[in-house]
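**Q** This is the structure I want to talk about, given as structure tokens.
The values are calculated or read from the model by the stated rules, or taken from the named source; none is laboratory data. These numbers were taken from a predicted model, which means no experiment stands behind them. Quick reminder, even Gly has a Cβ in these numbers, built from the backbone with ideal geometry, and neighbours come from all protein chains shown.
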Amino acid sequence: MSRLTNLFPLWAILLSGVAFFFSEPFSSLASWIIPLLSGVMFTMGLTLKAEDFKRILQNPRPILVGVLLQFILMPLLAVVLAKMFGLSNQLTAGLVLVGCCAGGTASNVISYLARADLALSISMTVCSTLVGVVATPLLTGFYLSTTINVDTIGMLVSIIQIVLIPVLAGITLSHFFRELIRPLTPALPALSILIILTIIAIVVALNSDSLLEVGALTLVAVVLHNLGGMCGGFYLSRLLGFDTSQSHTIAIEVGMQNSGLGVALALEFFSATAALPGALFSVWHNISGSLLASKWSRKRESLDYLLQDERLRPDE
């Protein structure tokens, strides 16, 4: 993993600060958000192989549990937290929208750093992304129907354009031109992160005037949303009998949302204010994910060392 990838949270914080104090250059790029996000989805498609889908068929149970937790736990947490903190309709819409999104591609990076089950992470991201094409607009409409008008069909069409078509295009290109794409594959995670950082900066810039007014409560709600998803994903999957590595992966996947998509949809269907929870989530979930990855990775290193020491120790 490159230094850019490993220090993702640091770059996100630094760039957010720059965008907050020097907002005009970034806010002028608001129209770039959807094309940039489509680019991330396209690069995700380029990294997928037939083996990823075979894994899903061979061992579907952890993937099924993880995806169900993703689309049941996260929207419910968003609704509860929004009511608990008395968030405005627009901020509630943004938080719920993030909760209804699929897992983000950054979760694969965090799973790698945590030395968790990377194959499961990729499979869950693929499945939740495809399920989310339909689930995200339907769940958003269901949870927000009493407080705000949601164009469910329009959102479905947008997700097909932003997510499904670019992913399928990437998969197709990777399948038919594998030798051409292979040399580019190592650079794709770093490219995705650069794009996500740009999206975060644009959204922070668009909300620079209102960030201080609504930021504190919204930030607390976002932090609890992310941590609640991670804790719920871990402990519920452990209760269902999955091993530690699988549970760590499910926790990361459930708690780390495709907040870039939430931002794009919020800007298209609601307002810049509604995009604020997604922007905060983008920064925070990479910080929390990186901290957890560091902790879990060190635990695995210690366990591997103890097991190796036990094997090398002569019989007494």
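**Q** Taking the stated definitions as given, is Ile148 surrounded by fewer than 22 Cβ atoms within 10 Å (Cβ to Cβ) and either within 25 Å of Leu219 (Cβ to Cβ) or in contact with a helix residue (DSSP H, G or I) (Cβ under 7 Å, 6 or more places away or on another chain) (or both)?
**A** Taking the combined requirement at face value, the residue satisfies it.
**Q** All but one of (1) surrounded by fewer than 24 Cβ atoms within 10 Å (Cβ to Cβ); (2) modelled with pLDDT of 90 or more; (3) in contact with a Leu (Cβ under 8 Å, 6 or more places away or on another chain) hold for Val254; which doesn't?
**A** (1)
**Q** Among (1) in a helix (DSSP H, G or I); (2) at pLDDT 75 or above, which single condition is Cys101 missing?
**A** All conditions pass for Cys101, except number (1).
**Q** For the stretch 166-179, does any single residue satisfy the condition of being surrounded by 14 or more Cβ atoms within 10 Å (Cβ to Cβ), modelled with pLDDT under 75, under 30 Å from Ser23 (Cα atoms) and within 23 Å of the chain's Cα centre (by Cα)?
**A** Within the stretch 166-179, not a single residue is surrounded by 14 or more Cβ atoms within 10 Å (Cβ to Cβ), modelled with pLDDT under 75, under 30 Å from Ser23 (Cα atoms) and within 23 Å of the chain's Cα centre (by Cα).
**Q** Same structure again: Might you check whether a residue that is surrounded by fewer than 17 Cβ atoms within 10 Å (Cβ to Cβ), within 19 Å of Ala106 (Cα to Cα), small (Gly, Ala, Ser) and modelled with pLDDT under 80 occurs anywhere in the stretch 292-311? Talk me through it step by step, then tell me what you get.
**A** Taking the stretch 292-311 first, the residues surrounded by fewer than 17 Cβ atoms within 10 Å (Cβ to Cβ) are 294-295, 297-311.
Remaining after also requiring within 19 Å of Ala106 (Cα to Cα): 294-295, 297.
When the remaining residues are screened for being small (Gly, Ala, Ser), the result is 294, 297.
Next cut, modelled with pLDDT under 80 only: 294, 297.
Checked against the condition, which is being surrounded by fewer than 17 Cβ atoms within 10 Å (Cβ to Cβ), within 19 Å of Ala106 (Cα to Cα), small (Gly, Ala, Ser) and modelled with pLDDT under 80, the stretch 292-311 yields at least one hit.
**Q** Do the conditions hold for His225, that is, is it crowded, with 21+ Cβ neighbours inside 10 Å and modelled with pLDDT of 90 or more? Let's see the steps before the verdict.
**A** Numbers: crowded, with 21+ Cβ neighbours inside 10 Å: yes; modelled with pLDDT of 90 or more: yes.
It is true that His225 is crowded, with 21+ Cβ neighbours inside 10 Å and modelled with pLDDT of 90 or more.
**Q** Restricted to the stretch 74-112, and to residues that are over 17 Å from the mean Cα position of the chain (by Cα) and closer than 19 Å to Ala272 by Cβ, which residue is surrounded by the most Cβ atoms within 10 Å (Cβ to Cβ)?
**A** Among those that are over 17 Å from the mean Cα position of the chain (by Cα) and closer than 19 Å to Ala272 by Cβ, it is Ala93.
**Q** Now for a different question. Regarding Ser237, is this residue part of a helix (DSSP H, G or I), in contact (Cβ under 8 Å) with a residue 24 or more places away in the chain and in contact with an Asp or Glu (Cβ under 9 Å, 6 or more places away or on another chain)?
**A** On the way: part of a helix (DSSP H, G or I): yes; in contact (Cβ under 8 Å) with a residue 24 or more places away in the chain: yes; in contact with an Asp or Glu (Cβ under 9 Å, 6 or more places away or on another chain): no.
Here the answer is no, as Ser237 does not meet what is asked.
**Q** Among helices (runs of 4 or more DSSP H) lying entirely in the stretch 117-207, which contain 2 or more residues that are farther than 22 Å from Val283 by Cα and among the aliphatic types (A, V, I, L, M)?
**A** Details: elements: 118-144, 152-159, 165-176, 178-181, 188-206.
Helices (runs of 4 or more DSSP H) meeting the threshold: 118-144, 152-159, 165-176, 178-181.
**Q** Here's another thing I want to ask about it. For Met74, work out the one condition from (1) in contact with a strand residue (DSSP E or B) (Cβ under 8 Å, 6 or more places away or on another chain); (2) within 22 Å of Val157 (Cβ to Cβ); (3) part of a helix (DSSP H, G or I) it doesn't fulfil.
**A** (2)
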